[in-house]
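Okay, so here's the structure we're looking at.
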Amino acid sequence: MFESVTKTESRWKFLWPDVSDIAGAEDGIKLGYWGAFAVSGLTAALTLVGALGLRFGVGLGSLIDAAVFALIGLGLLRRWRSAAVVGMILFSLNIMMTVAKGRLPGIVAIFVFFGFISAVRGTFAYQRLIRSPPAKEQAPGE
């Protein structure tokens, strides 16, 4: 009864959703697939612009990366745990390679990384929640 009054909302919920219920798990998954589609779209766009003559240091391998992240996004739409884990690992490797080159990852990369972490949390919580039997509600006074 007083949960809505006493429970405070975190301002970081958009990066770290509460995955204790199905709606929260789906929010985490949503962060992951939007991140995967953003990575895919930006990579493909920069590759195509690079093919037109403006060099960004991307090539055919970048189009393959864009396709892989698009497939990961589609897997996250289907709530596949494997897609979430593979996406997080690949993006983690991307961030580690950026740091190894002596550069810091951008703020967008950090947000996408948290999106993939939320997708892993969300997909595992979602699968656990849909398999668990619903809790019986107790009548007042029991």
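The table below lists the values:
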{"read-out": "Yes/no for Arg128 being charged (D, E, K, R), within 16 Å of the chain's Cα centre (by Cα) and assigned to a helix (DSSP H, G or I)", "value": "no"}
{"read-out": "Val68 vs. criteria within 27 Å of Phe124 (Cβ to Cβ) and out of contact with any helix residue (DSSP H, G or I) (no Cβ under 6 Å at 6 or more places or on another chain)", "value": "yes"}
{"read-out": "Top-ranked residue in the stretch 78-107 [being without any contact (Cβ under 8 Å) to a residue 12 or more places away in the chain and within 17 Å of the chain's Cα centre (by Cα); ranked as surrounded by the most Cβ atoms within 10 Å (Cβ to Cβ)]", "value": "Pro105"}
{"read-out": "Options Gly75, Gly41, Gly57, Gly24: the member that is surrounded by fewer than 13 Cβ atoms within 10 Å (Cβ to Cβ) and either at pLDDT 80 or above or not aliphatic (A, V, I, L, M) (or both)", "value": "Gly57"}
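The values are calculated or read from the model by the stated rules, or taken from the named source; none is laboratory data. Quick caveat, the model's predicted, so the values are computed rather than measured. Cβ coordinates were reconstructed from backbone atoms using ideal geometry, including for glycine residues, and neighbour counts include every protein chain displayed.
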